[in-house]
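Read through the structure below, which is laid out as structure tokens, and then see the notes.
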Amino acid sequence: MSGDGLPTSPGRLRRGAGRAWLAFACLGWATLAGAAETQVLDDGVLRVEVAPALGGRIVHASLHGRGNLLKAGDAAIAAQPSPVPSADGDNIPYLGHELWIGPQARWWLDQDVNPQRRDSAAPWPPDPWLANARNRVLESSPGHIVLEGVPSPVSGLQVRQALRLVEGAPGTLQLDAEAVNTRDREVHRNLWFNTRVPATSRVFVPVASPGDARLRADGSEVYDGPVAWWRDGLYSLQLDPPPPGKGGRRGKVFVAPSAGWIAAFVADQLLLIRFDLQPGDGIDPGHGQVELYLDWLAGDPAAGLLELEVHAPMRRLAPGEAMQARETWTVLPYDGPDAIDAQRARLASVLRDLGVLAD
């Protein structure tokens, strides 16, 4: 395990994978909803559960004594704890935090395993081999885990993920992702982190002006579009009651952020996600570096979700070439009111303490 997160010698680690599996059996196996086996990472402050069988996704993250920050699909996990990827399968809503490959408009274009989805330029579902294939554990300890996925016939990529609790920074998780082109031709893709939290979470993104955030309303007979809020360089979404005749709000915001972070207040905690800010021309024009997707029903708020999405830049990968991306999560307690001004004040204090904002 290198200081940067991912193994410096993947071949060596693959040969030692059997020993890693033996160690893994003794280190914090747990169960989610009595179904999917998870690996527990714990630094005494932050507890994280990772499910290798569910595409290597994170299904739980919380400070000790507080609730899960993530929106996890417990019912789907209990029903299908060991999924098998299929070229004609649908999305399984395991939720949590997972790694996608962008851009979405090209998800099914460059593949031959499902010609119908290719010919219709299907925008859904995500790559089943990325989302649902069991990941192999290459390294494991109470403080870190390294996972390797399988080569995907849909995207042409094989993904490796490393999750590490940062020493000397309690409550901080570093996520490193790498994707290797396994084809004999070039691929044009990007890495895409997707973190689901409850729909009632309050999110903030740094945005220099309202024009740097493009809102798409996914209206229907049930839904009206999201309501945006912007003040003093901060962008958020408001859960205003839907208009008469509508039951909730649904839509997506495509953001060109002014700094490399997202913050969310959820379950009496503050989740701060940091990443490298990218120039606009590095992001696919159909996306934003940050995207917020809201699905909220006023009468059943627990049924919805809010997605906190971060795109790495587009890359053209020659055969055997790899691309990398990183997120760093910091989780802190929040015992203040569910009020936007109080949360803004707490966020500003945390950003100053971490050196993200100057005093």
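The values are calculated or read from the model by the stated rules, or taken from the named source; none is laboratory data. Keep in mind that what you see is a predicted model, and the values were worked out from it rather than measured. With ideal geometry, Cβ positions are generated from the backbone for all residues, glycine too; neighbour counts draw on all protein chains shown.
General remarks:
- Of all residues making up the range 299-322, the number that are closer than 21 Å to residue 228 by Cβ and surrounded by 15 or more Cβ atoms within 10 Å (Cβ to Cβ): 8
- Screening the candidates 348, 325, 339, 256 for the property of being in contact with a helix residue (DSSP H, G or I) (Cβ under 9 Å, 6 or more places away or on another chain) and either more than 25 Å from residue 59 (Cα to Cα) or crowded, with 18+ Cβ neighbours inside 10 Å (or both) yields one hit, 256.
- Members of the range 60-74 found to be under 15 Å from the mean Cα position of the chain (by Cα), over 15 Å from residue 271 (Cα atoms) and in contact (Cβ under 8 Å) with a residue 24 or more places away in the chain, listed by number: 72
- The lone exception for residue 5 - which of (1) within 18 Å of the chain's Cα centre (by Cα); (2) modelled with pLDDT of 65 or more it fails: (2)
- Within the range 283-298, the set of residues being loosely packed, with under 14 Cβ neighbours inside 10 Å and in contact (Cβ under 8 Å) with a residue 12 or more places away in the chain comprises just one member, 286.
- Verdict on residue 264 being in contact (Cβ under 8 Å) with a residue 24 or more places away in the chain, farther than 19 Å from residue 198 by Cα and surrounded by 17 or more Cβ atoms within 10 Å (Cβ to Cβ): no
- Residue list for the range 335-359, filter: free of Cβ contacts under 8 Å to residues at least 24 places away in the same chain, assigned to a loop (DSSP other than H, G, I, E, B) and either small (Gly, Ala, Ser) or within 16 Å of residue 258 (Cα to Cα) (or both): 336, 339, 355, 357, 358
- The single condition among (1) in contact with a helix residue (DSSP H, G or I) (Cβ under 9 Å, 6 or more places away or on another chain); (2) part of a loop (DSSP other than H, G, I, E, B); (3) within 20 Å of residue 104 (Cα to Cα) that residue 190 does not satisfy is (2).
- The lone criterion from (1) in a strand (DSSP E or B); (2) crowded, with 21+ Cβ neighbours inside 10 Å left unmet by residue 62 is number (2).
- Yes/no for residue 323 being within 23 Å of residue 252 (Cα to Cα) and hydrophobic (A, V, I, L, M, F, W, C): no
- The combined condition, being in contact with a Phe, Trp or Tyr (Cβ under 9 Å, 6 or more places away or on another chain), over 25 Å from residue 313 (Cα atoms), surrounded by 22 or more Cβ atoms within 10 Å (Cβ to Cβ) and not polar (S, T, N, Q), is fulfilled by residue 199.
- Residue 81 in a loop (DSSP other than H, G, I, E, B), within 16 Å of residue 131 (Cα to Cα), at pLDDT 95 or above and in contact with a Pro (Cβ under 7 Å, 6 or more places away or on another chain): no
- Residues satisfying the stated conditions in the range 116-139, i.e. surrounded by fewer than 22 Cβ atoms within 10 Å (Cβ to Cβ) and assigned to a helix (DSSP H, G or I): 116, 117, 118, 119
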